[in-house]
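Right, one structure below, let's go through it.
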Amino acid sequence: MKQLLIIVFFLCTVSTINAQYRFKTKRDPSRYSEKNVDVKIFRTFNNIHSKFVHTLINITNISLTPVSIGAPAGLYITSRINKNHYDESSAVLLGLAEMTNGVVTFGIKQIFKRDRPYRKLNGVYLSDTSAVSGTFSFPSGHASGAFVIATSLTLRYPDKPLLIAGLFTYATIVSLGRMYWGVHYPSDVLTGMLVGAGSAALIYSLRVPIIKAKNKFFNQSERNDNLQTSSISTPVFLISLAATDIVNFYFTSSNNRILNQSKINFSSTSSLNYLNYTLSF
């Protein structure tokens with residue numbers, strides 16, 4: 001928790017460094033009052049002007065999709081190769097938690113259909129919004145997606161404080177970045193965090209029947225998944241997460257059409273490194 005507070009404080013204080021890299025919207029007068037707490041907090045983050053913050057948030061914002069796909073897939077493949085039953089079950093639970101989170105997040109968006117801040121407020125600073133064009137604001141899919149990963153792995157590996165701190169720091173930066181980006185209100189982000197964490201907690205609470213069903217399906221009924229024998233190396237996992245962010249950021253920023261459509265994900269255990277490359281057409 002201390003590390004998270006330091007990160008949040010740092011992101012706020014570095015806003016004194018000015019940079020010209022975003023444009024300001026000119027919309028019709030908003031139906032939301034500027035005195036609204038939701039709007040005030042949104043303005044605080046959206047009005048940050050810092051090259052460092054912009055680069056950091058741009059990197060983490062792009063990385064969430066490949067991380068969401070690569071984390072359960074990479075963990076599952078490496079655990080199967082290493083014959084590590086606990087990590088294999090963790091990968092299955094993470095994948096199910098992400099799917100549950102995706103369904104719940106999409107469902108809530110369709111129910112509330114809340115317009116994004118840049119469509120309702122004057123003077124919102126924006127970066128690229130092409131990825132959210134035509135979609136709704138409440139709740140934040142990035143926040144829910146980041147927190148479902150952090151919470152799910154925390155519940156499975158509670159004895160790895162460095163891993164937990166790194167995952168929640170990453171999830172917090174991704175979530176707060178959505179306000180800086182101009183596409184989510186604080187209430188969108190907070191709800192997304194709760195949806196993501198709740199989805200992970202729900203699947204974790206059902207882990208016993210899920211793991212039994214998984215073992216039965218793969219004819220692995222003799223396995224004992226209750227004993228934690230993780231092969232995850234915390235430093236390597238966090239370095240892999242950072243590498244994923246940086247590489248995908250440069251791919252997306254490239255003028256090369258092939259690189260621009262490419263995504264890469266790294267994942268590792270103590271005995272195996274795994275790399276996944278995808279190209280969109």
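If you go through segment 38-48 one residue at a time, how many are open to solvent by 10 Å² or more (accessible area, probe 1.4 Å) and in contact with a strand residue (DSSP E or B) (Cβ under 8 Å, 6 or more places away or on another chain)?
Of the residues in that region, 1 qualify.
Pick from Gly196, Gly166, Gly182: which is at pLDDT 95 or above, among the small types (Gly, Ala, Ser) and buried (at least 18 other Cβ atoms within 10 Å of the Cβ)?
Gly196
Look at segment 103-113 and say how many of its residues are open to solvent by less than 60 Å² (accessible area, probe 1.4 Å), touching a residue at least 24 places away in the same chain (Cβ under 8 Å) and of a type outside the set (A, V, I, L, M, F, W, C).
2
For the structure I just gave you, tell me whether Asn47 is touching a Ser or Thr at 6+ places or on another chain (Cβ under 7 Å) and more than 21 Å from Thr191 (Cβ to Cβ).
No: the conditions fail for Asn47.
Residue by residue, here is whether (1) modelled with pLDDT of 85 or more; (2) polar (S, T, N, Q); (3) within 30 Å of Gly198 (Cβ to Cβ) holds:
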position: Val8; (1), (2), (3): no, no, yes
position: Ser15; (1), (2), (3): no, yes, no
position: Asn18; (1), (2), (3): no, yes, no
position: Val53; (1), (2), (3): yes, no, yes
position: Gly74; (1), (2), (3): no, no, yes
position: Ala97; (1), (2), (3): yes, no, yes
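So which residues in segment 49-64 are part of a helix (DSSP H, G or I) and crowded, with 16+ Cβ neighbours inside 10 Å?
Within segment 49-64, Val53, His54, Leu56, Ile57, Asn58, Ile59, Thr60, Asn61, Ile62, Ser63, Leu64 qualify.
Would you confirm, using the coordinates I've provided, whether Val124 is touching a Pro at 6+ places or on another chain (Cβ under 6 Å), modelled with pLDDT under 95 and of a type outside the set (D, E, K, R)?
yes
The values are calculated or read from the model by the stated rules, or taken from the named source; none is laboratory data. What you see is a predicted model; the values in this text were computed from it and never measured. A quick note on method: Cβ atoms are made from the backbone with ideal geometry, for glycine too, and the neighbour counts reach across all protein chains shown. Remember, those area values only see protein heavy atoms, side chains included, never the ligands or the DNA or RNA. Shrake-Rupley method; radii C 1.70, N 1.55, O 1.52, S 1.80 Å.
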